[in-house]
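Notes follow the structure.
The values are calculated or read from the model by the stated rules, or taken from the named source; none is laboratory data. Quick caveat: nothing in here was measured; it's all calculated off a predicted structure. All Cβ positions, glycine included, derive from the backbone under ideal geometry; neighbour counts span all protein chains shown.
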């Protein structure tokens, strides 16, 4: 980066917040999975919406593309440079203030750089619940969560990230600021513009703050680890429990025996919760005090343990949260199908992959309550054949009326694949929106489209 441009950025955000040396930028230019990496002109670290706007306006004048970045915990290569042109990483980590909490309106206004766990803690301190929860919550940031429409374990009851938002503040590609920070549950005055930016992965603008929905804290909770014979039994059990408990089933996570064994090998502090092995398990969370008889009476349940303390509940959730680390290097899929078709997805994909890649281990787990399965295949050696594996899995997902990206986003990883799995008119409409808001293709180029 030439000295004049560096000085211009430094005048806006301070010299120490303009990073250009490789030793300083390395952590910002490679993704968490170490699958994607490209050089950036610089890394810019503004501390306010006004500074973000000034930096984006300068980038627009200089023809430098902007790569918005939160905690850089993304799993599809969407938060790092793609190398397609001159790019600057825009780190939102210094925009980390909780601006306000309105407990009577059940809202919290947070800046994009707030770590998700800190938003949860702020809500808890106000006697409320912020429902978004996922394994990376100790490091991911709310702006990234909203830009990817993150899911997590509570989607079953509370919905995806976009359903946790009432209003947004967004810096547009030319540096103008749209102030849509409305804390309203009813506002029928035209297009719901915030929905354009939620899930857009920073390709239409930079989310700098959001008005988030809060919920009453459950008076009681229960956590259960349940042994089952099959995914079909898990789907049947979910229907059985929801018929009895309705919306108080807040999380329902499917875990294969292979996934549990990977966790046991990876983390020696983890213990198998049940005395004998089962082919499949469900980790379920209930927003009430659950009687053990409720599970024992369900015909699908082979065995189950109900956490008797907060520590035991945390130990059960530790199993689920460790699965991504325990099988880190393989061909990963974040797919969704109708809940009723999850057993078909797993059965068909297992059979097709074992026929094509005999002996390849399969790690299936995830949010069966909303049809989102993380279906991961093989080991590091199979990564070279990723496209072959993807064709098999994506073909089955399409046949079942599903989606090839449920909660991780498109990023760079699935940019080409969505062209084959989305209707041509959908792609055309997406491109029309992109051209209208970002005609110079300055916002996160090489992602999504």
Legend entry - Matching residues, segment 6-33, being modelled with pLDDT under 95 and crowded, with 18+ Cβ neighbours inside 10 Å: 31, 32
Inset, instruction - Only residues that are buried (at least 21 other Cβ atoms within 10 Å of the Cβ) and within 19 Å of residue 329 (Cβ to Cβ): list them for segment 363-391, please. - result: 363, 364, 365, 366, 374, 375, 376, 377, 378, 389
Inset, instruction - Could you list all residues from segment 159-196 that are touching a residue at least 40 places away in the same chain (Cβ under 8 Å) and over 25 Å from residue 130 (Cα atoms)? - result: 172, 173, 174, 175, 176, 177
Legend entry - Among the residues listed as 145, 149, the single one being assigned to a helix (DSSP H, G or I) and crowded, with 17+ Cβ neighbours inside 10 Å: 145
Legend entry - Test for residue 316: is it within 17 Å of residue 250 (Cβ to Cβ) and in contact (Cβ under 8 Å) with a residue 24 or more places away in the chain: yes
Legend entry - Residues that are closer than 12 Å to residue 173 by Cα, touching a residue at least 12 places away in the same chain (Cβ under 8 Å) and surrounded by fewer than 21 Cβ atoms within 10 Å (Cβ to Cβ), drawn from segment 56-92: 57, 58, 60, 63
Inset, instruction - Tell me the helices (runs of 4 or more DSSP H) entirely within segment 254-367 that contain at least 3 residues that are over 21 Å from the mean Cα position of the chain (by Cα), farther than 25 Å from residue 129 by Cα and not assigned by TED's automatic domain parsing to the domain that holds residue 381. - result: 257-266, 292-296
Inset, instruction - Determine which member of the set 297, 239, 220, 291 is surrounded by fewer than 14 Cβ atoms within 10 Å (Cβ to Cβ) and within 24 Å of residue 124 (Cβ to Cβ). - result: 220
Legend entry - Close pairs (9 angstrom Cβ cut-off, 6 or more residues apart or separate chains): within 16 Å of residue 60 (Cα to Cα) in segment 425-438, at pLDDT below 95 and surrounded by 14 or more Cβ atoms within 10 Å (Cβ to Cβ) anywhere: 434/449
Legend entry - Selected residue (only one of 104, 108 is modelled with pLDDT of 95 or more, in a loop (DSSP other than H, G, I, E, B) and farther than 18 Å from residue 69 by Cα): 104
Inset, instruction - Hey, can you tell me all the residues within segment 99-134 that are surrounded by fewer than 17 Cβ atoms within 10 Å (Cβ to Cβ) and over 18 Å from residue 216 (Cα atoms)? - result: 99
